[in-house]
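Shown next, in structure tokens, is the structure this report addresses.
The values are calculated or read from the model by the stated rules, or taken from the named source; none is laboratory data. Not measured: the values here are computed from a predicted model. Please note: Cβ atoms are built from the backbone with ideal geometry, for glycine as well, and neighbour counts cover all protein chains shown.
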Amino acid sequence: MSAADEGITAEDLVREFRNGPRAVDGISLAVEPGEIYGFLGPNGAGKSTTVHILTTLLPPTSGKATVGGFDVVDQGPAVRGVIGAALQEAALDPHLTAREHMRLQTALQGLPHAERVSRGDELIERVGLEEAADRKVGGYSGGMKRRLDLALALVHWPRVLFLDEPTTGLDPQSRSALWEEVERLSGEEGVTVFLTTQYLEEADHLANRVGIIDAGRIVAEGTPAELKSEIGRPSVVVAPSDPGRLEDTAAVLERFGKSLPAEKGTVEVRLDRGVDELGAIVRELDAAGIGLASLVLNEPTLDDVFLAKTGHHLEGEALPGEDDSGDDE
Amino acid sequence: MIKTTEAGPTRYLSAALGVAWRYLHNLYSRPSMFIPSLVFPLFFLAAFAGGLSVVGDAPSFDYYDFTAFQFCFILIQASTLAGVFAGFSIAGDFEMGMGRRIMLATRRRSSIVLGYGIGAASRLIVTWTIVTGVALAGGMQIAGGGFDLAGIYGIALLSNVAALLFSAGIALRFRSLSAGPLMQLPVFIILFLAPVYVPKELLTGWIEPVATVNPITALLNAARSLMAGEPTGVLTAYLVVFGLIALMGFWAIRGLRQAEQAG
Ligand SMILES: Nc1ncnc2c1ncn2[C@@H]1O[C@H](COP(=O)(O)OP(=O)(O)O)[C@@H](O)[C@H]1O
Ligand SMILES: [Mg+2]
């Protein structure tokens with residue numbers, strides 16, 4: 001079994017919006033069956049547009065894609081039969097309860113009558129919504145809505161699952177619960193997962209392979225380890241004990257590597273040669289009479305990969321809880 | 001458990017019934033959704049049964065019962081508006097994102113239009129019961145037999161289908177509730193450019209030629225003749241309404257294709 005029969009393939013996908021940008025600008029990829037593919041990129045990169053094309057919600061302007069062996073343009077109904085999707089904005093009806101959503105979804109997917117209720121209950125239980133199952137969704141928290149949306153996507157035993165920013169705005173507990181469920185689906189049920197995210201940690205933790213997307217193009221692709229080893233070199237972050245000596249600190253450090261955008265009161269450089277230079281750095285700072293508040297060695301992250309490939313950082317890379325910019329609804 | 005879904009046609013119908021179920025569920029669990037569609041017909045019925053009934057006493061008005069005469073219009077109006085209101089729901093669903101869920105979960109998407117159609121037609125049971133009940137309470141005399149009555153309700157049902165398809169076509173093109181007036185106004189206008197208050201023979205001025213070509217006139221005349229137990233032009237009326245359904249069906253399916261292109 002290959003990406004072409006059971007997984008996802010895309011060749012040179014392009015989507016132009018009439019009054020907008022080329023949201024997707026020549027994307028090619030192949031996701032193997034059972035794989036978790038992480039599509040990592042900042043806001044506006046084209047992640048959702050790609051998901052919409054692959055889930056037959058939006059036809060591509062040009063290019064070709066298959067999902068589960070079916071062409072997304074010519075065989076839309078067959079594609080819809082093998083996929084499940086939880087979109088970025090969970091489309092839920094505030095006037096229906098979770099159980100009523102299940103009733104609708106099992107009917108839309110054409111489950112045999114006898115199985116609808118049991119399948120719905122099973123999935124509601126799996127995502128931990130039994131208690132709230134008979135309450136109207138209008139009163140649910142963001143995390144509960146996401147869980148219900150995921151459960152609804154699974155109703156018809158899809159072989160390929162699309163999750164568009166499934167953990168954006170979730171608290172850390174809900175996030176790890178969702179990660180576990182995605183790992184279980186892929187590991188135990190062999191479901192192919194296409195997951196988009198703005199979070200490095202998420203791609204790093206969950207994805208077997210990551211495609212980094214920026215401005216509608218894939219700028220790097222590989223396993224998280226491969227991508228990081230491409231960058232190869234760690235960076236060092238120094239905070240002088242006397243904030244007034246920041247510039248002197250920078251002058252010393254820049255002898256050892258290229259400086260990176262850093263947090264206030266610190267200097268960061270990507271080391272030209274690697275960890276061996278650490279001793280020399282400490283000696284030279286000491287020689288210059290610069291006291292240290294902290295010195296941290298950072299192994300390369302996917303953000304470094306992103307920075308190296310695009311010249312800018314991922315926005316919104318911090319996980320919710322560590323940063324309150326997450327857009328909880 | 002057999003991990004499979006039903007085969008094609010069963011699944012198609014199942015999806016349509018799912019859409020219809022949700023439509024009716026939301027309609028009747030929120031009175032603010034279905035009361036407005038009854039206000040107009042009941043208002044007209046009250047007005048006709050009251051002051052306007054003097055029209056029926058005019059010497060040239062030769063229909064046997066003025067309330068029955070108006071009832072035919074009100075039944076068709078109420079059924080047609082029920083179709084338009086279902087169009088509002090389609091637009092609302094696309095505006096709030098439910099449209100995407102439904103588009104993603106159905107294989108053959110024309111089942112979505114069928115589903116709203118089944119929903120819109122089913123709500124007629126309530127509409128008809130209320131409108132008919134009020135008319136009978138207001139003293140309406142029915143001259144025709146059971147078969148004639150079936151003919152009248154048949155025309156009303158098919159008008160509902162045509163109006164639903166018309167509004168679905170608009171809803172699917174605009175996918176926003178702001179398109180509401182575009183669904184409602186044309187239907188209102190065409191309804192009132194028919195011989196509403198008096199038979200067509202009594203119309204004068206510009207409205208007379210307009211009423212002659214208005215398809216609603218044919219439906220109205222046929223319904224009134226059935227009510228009187230003297231059917232005339234019934235076949236024509238059915239041909240007209242089936243023609244409208246074919247036309248509007250095409251319009252709705254083209255709208256669906258546009259919604260698919262827009263994502
Ligand atoms: N329907 C649309 N019409 C016009 N522009 C759009 C539309 N949908 C998305 N875009 C634009 O396409 C780009 C990619 O958007 P999107 O795929 O949503 O990115 P992401 O999901 O990575 O945040 C953005 O610049 C966005 O503004
Ligand atoms: Mg997005």
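For B:Gly92, the requirement of being farther than 19 Å from A:Thr55 by Cβ and surrounded by 24 or more Cβ atoms within 10 Å (Cβ to Cβ) is not met. Among residues of the stretch B:210-222 that are more than 15 Å from B:Phe242 (Cα to Cα) and in a helix (DSSP H, G or I), those with a Cβ under 8 angstrom from a residue that is polar (S, T, N, Q) and at pLDDT 85 or above, sequence gap 6+ or separate chain, pair up as B:Ala211/B:Thr217; B:Asn221/B:Thr232. Just name the residue that is nearest to the other protein chains (Cβ to nearest Cβ) out of those in the stretch A:153-196 that are surrounded by fewer than 24 Cβ atoms within 10 Å (Cβ to Cβ) and within 16 Å of ligand 1 (Cβ to nearest atom). It comes out as A:Asp164. Among all positions in the stretch B:221-236, there is at least one residue which is at positive phi and out of contact with any Lys or Arg (no Cβ under 8 Å at 6 or more places or on another chain).
Taken together, the residues in the stretch A:17-67 that are in contact with a Lys or Arg (Cβ under 7 Å, 6 or more places away or on another chain), within 17 Å of B:Glu260 (Cβ to Cβ) and within 15 Å of ligand 1 (Cβ to nearest atom) amount to 6. Test A:Gly110 against the criterion of being under 28 Å from B:Ala91 (Cα atoms), within 16 Å of ligand 2 (Cβ to nearest atom), part of a loop (DSSP other than H, G, I, E, B) and of a type outside the set (D, E, K, R), and give yes or no. The answer is no for A:Gly110.
Restricting attention to the stretch A:223-244, the residues that are at pLDDT 90 or above and within 15 Å of A:Asp303 (Cβ to Cβ) total 1. For the stretch A:35-62, filtered to residues that are away from chain B (no Cβ under 14 Å) and touching a helix residue (DSSP H, G or I) at 6+ places or on another chain (Cβ under 6 Å), the residue that is surrounded by the fewest Cβ atoms within 10 Å (Cβ to Cβ) is A:Ile36. Count of the stretch A:72-85 residues, restricted to those that are more than 10 Å from every other protein chain (Cβ to nearest Cβ) and either buried (at least 20 other Cβ atoms within 10 Å of the Cβ) or under 20 Å from B:Leu256 (Cβ atoms) (or both), is 4. Only a single item in (1) polar (S, T, N, Q); (2) at pLDDT below 95; (3) under 21 Å from the mean Cα position of the chain (by Cα) is not met by A:Thr49, and it is number (2). Mind listing just one residue for me: the one in the stretch A:188-206 that is more than 16 Å from ligand 2 (Cβ to nearest atom) and aliphatic (A, V, I, L, M) and, of those, farthest from A:Glu35 (Cα to Cα)? Per the criteria, the residue is A:Leu200.
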